[in-house]
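Coordinate-derived values only; no laboratory data. Since this is a predicted model, take the numbers as computed values, not measurements. Note: ideal-geometry Cβ built from the backbone for every residue, glycine included; neighbour counts use all protein chains shown.
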Amino acid sequence: MGPYKNNEIIFIVEESPECGYEARSLNHSIFTEADTFEELKEMVHDAVACHFNDVDGPALIRLHMVKEELMAV
């Protein structure tokens, strides 16, 4: 059994400055982007599958949405 089985991989998801969404893994060199959130979920799943083989892959993918908002004081 690989080191990541039964664990999770966490992605930080932000709105892209150009349009759409960007996702980057906290602990692995995985980055992907898409126009819609639904497409992003598919892209993240595919990127994780490509990064790990079936034995070593995480059991859970967690997406953390981050929204930055500036307010004048």
> Using the count of nearby Cβ atoms within 10 Å as a rough guide to exposure, how do F52, F11, F37 rank from fewest to most?
Replying inline: F37, F52, F11
>> Quick check: residue separation of E42 and A59 times 0.36 nm, minus the Cα distance between them. What number comes out in nm?
In response: 4.5 nm
>> Could you derive backbone 3J(HN,Hα) for region 48-62 from the dihedral phi with the Karplus parameters 6.51, -1.76 and 1.60 (θ = phi - 60°), listing whole Hz in sequence and x where the residue is Gly or Pro?
In response: 5, 4, 6, 6, 10, 8, 4, 6, 8, x, x, 7, 9, 10, 10
>> Looking at region 8-66 only, what percent of DSSP beta bridges run antiparallel? Nearest 5 please.
In response: 55
> Just one of [x] 47, 27, 21; [y] 29, 28, 23; [z] 53, 24, 18 is Cα extents along the principal axes in Å as worked out from the coordinates here. Which one is it?
Replying inline: [z]
> Tell me, M71, M65, M43 in order of fewest to most beta-carbon neighbours within 10 Å?
Replying inline: M71, M65, M43
> Lys/Arg Cβ at +1, Asp/Glu Cβ at -1, dipole of region 8-66 taken about the Cα centre: which of L40, I30, V55 is farthest positive-ward?
Replying inline: V55
> What is the order of E18, E33, fewest Cβ neighbours within 10 Å to most?
Replying inline: E18, E33
> When the helix-only estimate is applied to the chain (DSSP H runs of n ≥ 4, each -39,500 (n - 2.57), divided by the residue count), what is the mean residue ellipticity at 222 nm, nearest 500 deg cm²/dmol?
Replying inline: -6500 deg cm²/dmol
